[in-house]
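What follows is a single structure, written as structure tokens, with notes after it.
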Amino acid sequence: MLWIPEVRKTRQGTTFSPYASIAPLTSPDFDFAPLLVASSSQEPADGDLPDHEHNTNEPDEADDFMNEVDDTYPPPLPPDPWNEVDDVPERPTPPPPKRRRTAVDDMLDGKKPLTHSHRNRKSKRAKLFAEKGNVARLSTLNTHARAALATPLRQTLDAQTLPVAYGAYGAKVENAAESKGRTKARTLEELVRIGFEVVHWNGFDARPLVDARGRIFAVLAGQPRDAGWASAVERAYRDISAEGTAASFPAKMHHHRRGLFAAVNVGLSYGKGQRIPSRLLNPRYDPMLDRLLKNPDIDRMATFASAAFSLWAPRLYQYYWDHKEALLQHLPHLRLNFPRSVFSCAAFNFGPNVWTFRHRDGQNVPFGWCAIQAAGPFDPTKGGHLVLWNLRLAVEFPPGALILVPSATVAHSNVPVQEGDCRISFTQYTAGGLMRYVDNGFRTEGELAAEDPEEFKRMAALKELRWEMGLGLLSTVDELLERKPDE
């Protein structure tokens, strides 16, 4: 029976079928089966097919047609001129958020896992360093400085009388009397004959130098006693010496105002007509300096020097830190490789037998400190002494030790080491001109006078007081002894 669609209605009786005029038809004489049998009998048997149609390993054309994929469908959309923006660069994919380190990470690295409280303290220390740099704790002062404060090296010198230039951003240039005989190598015996006192020092126990008014104006800061420190200094010596040997410095670099040895400075420079602070240029030696600045052992030496600075002169350290951070916020491309150092410049004095002429680093901050560290296989009782001419002292300077001294205003030199010994030195300092640039609102004095005459007058008046201000940043023995836990 053949079924034809019937009329369809809703519940309300409405007709909606398009086949409303078509009625079902029935035929008792019609049978579909005979037609199907007749059609099947006319199809060829499998044996009658051509040979190529018996290959069962290949799909037939119908299968090929069904398996074909039209790569052109859907057709590409025409370009939309409204969506084409050629002048907007693609934004770089932001880095994934830094995952917080866990105890499992510590154990995988072979470290002892930190507890939750330890991690909190570590996070607080990192935050405090970002704000104020190295902040010496009272326990550190008690352990490493309190005994030394009981027996300081007292001097009759009054730091107020040191030779400072007007404005206190630099020291006075050496006069003729100071320059006389400054290039002569003085042995320890010669210095003793002309009235110098030899300070015997083991290079570990700190010895502050105190002036006539009780100010700690220099420090024999010492060094850590752990074996890891000694190994780090020894490796640093080998690396610096190897770099110096490979550099093949020309002969003219072995004779300069500091002595008869090759020396290279690296860091920030400002002065002599510069309109903006910039890095010292060493095109030939930049790759070597980059390797030395990234050396973890030298970085450790630099970090220790800053930590000792903050321990003995916290106010002066903070003055350095605030000015350096302000400068780097203004000129971030000038950031150095020593992330935990408060100083802006470093000098590598290459051996093997380094000894220096009598001189003063007049461009350094006059009331500030220069960090000097010696290294190498030499006998500190036979040579390598640090000579402080204003104080008439010759200080034994063992390898690995640190001395903090106002190198801009105190004339200094080194005694040659004995024959066969080798010595290098690593020095850090900050140019006073950088402080002036920050104080002037990141401008030269000429720019300040032109752009803000009132501020220029105010800064000119402060020049009269800056030397007193700088000396006031130095600590006294009494205030360090009386320091309270919350300070």
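Is it the case that the range 459-474 has a residue that's within 22 Å of W201 (Cβ to Cβ) and modelled with pLDDT of 95 or more?
Checking the range 459-474: at least one residue is within 22 Å of W201 (Cβ to Cβ) and modelled with pLDDT of 95 or more.
Kindly state which strands (runs of 3 or more DSSP E) lie completely within the range 189-229 and contain at least 3 residues that are in contact with a strand residue (DSSP E or B) (Cβ under 7 Å, 6 or more places away or on another chain) and free of Cβ contacts under 8 Å to residues at least 60 places away in the same chain.
none
Which of the residues belonging to the range 447-484 are within 24 Å of T140 (Cα to Cα), part of a loop (DSSP other than H, G, I, E, B) and over 30 Å from the mean Cα position of the chain (by Cα)?
Those that are within 24 Å of T140 (Cα to Cα), part of a loop (DSSP other than H, G, I, E, B) and over 30 Å from the mean Cα position of the chain (by Cα): E482, R483, K484.
Before we move on, is G351 within 24 Å of D299 (Cα to Cα) and either within 26 Å of the chain's Cα centre (by Cα) or surrounded by fewer than 24 Cβ atoms within 10 Å (Cβ to Cβ) (or both)?
Criteria met by G351.
Being surrounded by fewer than 24 Cβ atoms within 10 Å (Cβ to Cβ) and touching an Asp or Glu at 6+ places or on another chain (Cβ under 8 Å): is that true of F338 here?
Values: surrounded by fewer than 24 Cβ atoms within 10 Å (Cβ to Cβ): yes; touching an Asp or Glu at 6+ places or on another chain (Cβ under 8 Å): yes.
Against the criterion (surrounded by fewer than 24 Cβ atoms within 10 Å (Cβ to Cβ) and touching an Asp or Glu at 6+ places or on another chain (Cβ under 8 Å)), F338 qualifies.
Pull up the range 251-274, narrow it to residues that are in contact (Cβ under 8 Å) with a residue 60 or more places away in the chain and of a type in the set (D, E, K, R), then point me to the one that is surrounded by the most Cβ atoms within 10 Å (Cβ to Cβ).
Only one residue tops the list, namely R258.
Show the residue pairs that are 6+ apart or on different chains and have beta-carbon atoms under 6 Å apart, the first residue being within the range 438-459 and touching a residue at least 12 places away in the same chain (Cβ under 8 Å), the second being assigned to a loop (DSSP other than H, G, I, E, B).
Listed pairs, sorted by first residue: T444/R275.
Could you run through the range 181-233 and say how many residues are polar (S, T, N, Q) and either closer than 29 Å to H255 by Cα or crowded, with 18+ Cβ neighbours inside 10 Å (or both)?
Residues meeting the conditions: 3.
Among the residues of the range 208-235, write down those that are closer than 10 Å to G400 by Cα and in contact with an Asp or Glu (Cβ under 8 Å, 6 or more places away or on another chain).
Across the range 208-235, the qualifying residues are G222, A232, V233.
Can you tell me which residue is farthest from L328 (Cα to Cα) among those in the range 275-304 that are touching a Ser or Thr at 6+ places or on another chain (Cβ under 7 Å) and either hydroxyl-bearing (S, T, Y) or surrounded by fewer than 12 Cβ atoms within 10 Å (Cβ to Cβ) (or both)?
Per the criteria, the residue is T303.
Look at the range 331-384 and say how many of its residues are over 23 Å from K294 (Cβ atoms), modelled with pLDDT of 90 or more and of a type in the set (S, T, N, Q).
2
Just checking, how many residues over the range 307-332 are of a type outside the set (A, V, I, L, M, F, W, C), within 13 Å of S475 (Cα to Cα) and in contact with a Phe, Trp or Tyr (Cβ under 6 Å, 6 or more places away or on another chain)?
Counting residues in the range 307-332 that are of a type outside the set (A, V, I, L, M, F, W, C), within 13 Å of S475 (Cα to Cα) and in contact with a Phe, Trp or Tyr (Cβ under 6 Å, 6 or more places away or on another chain) gives 2.
Yes or no, residue by residue, for (1) within 20 Å of W369 (Cβ to Cβ); (2) not in a helix (DSSP H, G or I):
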position	(1), (2)
R284	no, yes
I298	yes, no
M301	yes, no
S310	yes, no
R315	yes, no
F338	yes, yes
S341	yes, yes
A346	yes, yes
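Quick one: count up the residues across the range 350-382 that are in contact with a Gly (Cβ under 8 Å, 6 or more places away or on another chain), under 17 Å from T183 (Cα atoms) and not in a loop (DSSP other than H, G, I, E, B).
1
The values are calculated or read from the model by the stated rules, or taken from the named source; none is laboratory data. These numbers were taken from a predicted model, which means no experiment stands behind them. When we count neighbours, we look across all protein chains shown, and the Cβ atoms used for this are built from the backbone with ideal geometry, even at glycine.
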